[in-house]
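Below is one structure, written out as structure tokens; comments come after it.
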Ligand SMILES: [Zn+2]
Ligand SMILES: [Zn+2]
């Protein structure tokens, strides 16, 4: 059908990791072309529409569909914005996620590692407000970041009405069985 994703768009979406079913589900919701992703706008919203979608796939899809909006600002830009209101707690040393090198005292979230030159901390997506940034907490709403792989679980708990501060704690304390059970609820929410 001419009004749905072009063959090329479908091919790209699948290359990004979407399944045939997920593409079909998007079409059913009225997402018929690359430009429709502009209304979805954020990884969060896409995960709310497709709760069983892998957050990494969602990020790749939006990166393609919204070349400018999804671009993560470069670390120095982030640092320039963040420096004035950050105080680095000396006891809370930051170690590079790539090479494990301890960062200097004047380290600011978003800085590149002084040892290997890569982003010392990953850019995280906030489960609560959808903003993204480096560090342990969302600069926009203050929520503590959860692991990217567990973003869908955090969204589930948010939908179920858990308060913002409670969600990261619940995920940290959950056993593997409890998490399996939560993934079950994520999948059922799709049906
Ligand atoms: Zn490093
Ligand atoms: Zn937030």
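The values are calculated or read from the model by the stated rules, or taken from the named source; none is laboratory data. These numbers were taken from a predicted model, which means no experiment stands behind them. Every residue, glycine as well, gets a Cβ built from its backbone with ideal geometry; the counts of neighbours run over all protein chains shown.
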Practice item. Only one of these is at pLDDT below 85, surrounded by 13 or more Cβ atoms within 10 Å (Cβ to Cβ) and closer than 30 Å to residue 58 by Cα: 120, 79. Name it. Key: 79
Study note, to complete from the structure: Reported set for the stretch 106-136 where residues are touching a residue at least 24 places away in the same chain (Cβ under 8 Å), over 23 Å from residue 167 (Cα atoms) and within 12 Å of ligand 1 (Cβ to nearest atom) is 111, 112, 119, 120
Review point. Which residue, of 171, 162, 151, is within 18 Å of residue 130 (Cβ to Cβ) and in contact with a strand residue (DSSP E or B) (Cβ under 8 Å, 6 or more places away or on another chain)?
Key: 151
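Here is a yes/no grid of residues against (1) within 13 Å of ligand 2 (Cβ to nearest atom); (2) at pLDDT 95 or above; (3) farther than 22 Å from residue 190 by Cα:
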| site | (1), (2), (3) |
| --- | --- |
| 131 | yes, no, yes |
| 135 | yes, no, yes |
| 138 | yes, no, yes |
| 148 | no, no, no |
| 160 | no, no, no |
| 164 | yes, yes, yes |
| 173 | no, yes, yes |
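Could you check how many residues of the stretch 88-105 are away from ligand 1 (no atom under 16 Å from the Cβ) and either within 24 Å of residue 55 (Cα to Cα) or surrounded by fewer than 14 Cβ atoms within 10 Å (Cβ to Cβ) (or both)?
Kept after step one, since they are away from ligand 1 (no atom under 16 Å from the Cβ), are these residues of the stretch 88-105: 88-92, 105.
Now drop any that are not either within 24 Å of residue 55 (Cα to Cα) or surrounded by fewer than 14 Cβ atoms within 10 Å (Cβ to Cβ) (or both), which leaves 89-92, 105.
Of the residues in the stretch 88-105, 5 are away from ligand 1 (no atom under 16 Å from the Cβ) and either within 24 Å of residue 55 (Cα to Cα) or surrounded by fewer than 14 Cβ atoms within 10 Å (Cβ to Cβ) (or both).
Being exposed (fewer than 15 other Cβ atoms within 10 Å of the Cβ) and in contact (Cβ under 8 Å) with a residue 24 or more places away in the chain is the filter; apply it to the stretch 137-159 and report the residue that is nearest to ligand 1 (Cβ to nearest atom).
Looking only at the stretch 137-159, we keep the residues that are exposed (fewer than 15 other Cβ atoms within 10 Å of the Cβ), and these are 140-142, 147, 149, 159.
Now restrict to residues that are in contact (Cβ under 8 Å) with a residue 24 or more places away in the chain: 147, 149, 159.
Numbers: 147: 20, 149: 21, 159: 36 Å.
Step by step, filter the stretch 137-159, then rank; the result is 147.
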Practice item. Filter the helices (runs of 4 or more DSSP H) completely within the stretch 93-191 down to those with at least 2 residues that are farther than 30 Å from residue 25 by Cα. Key: 166-173
Practice item. Go through the residues of the stretch 15-27 one by one and say whether even a single one is surrounded by fewer than 14 Cβ atoms within 10 Å (Cβ to Cβ), farther than 18 Å from residue 190 by Cα and modelled with pLDDT of 90 or more. Key: yes
Review point. Taking the stretch 160-178 on its own, how many of its residues are within 18 Å of residue 47 (Cα to Cα) and either over 18 Å from the mean Cα position of the chain (by Cα) or exposed (fewer than 11 other Cβ atoms within 10 Å of the Cβ) (or both)?
Key: 3
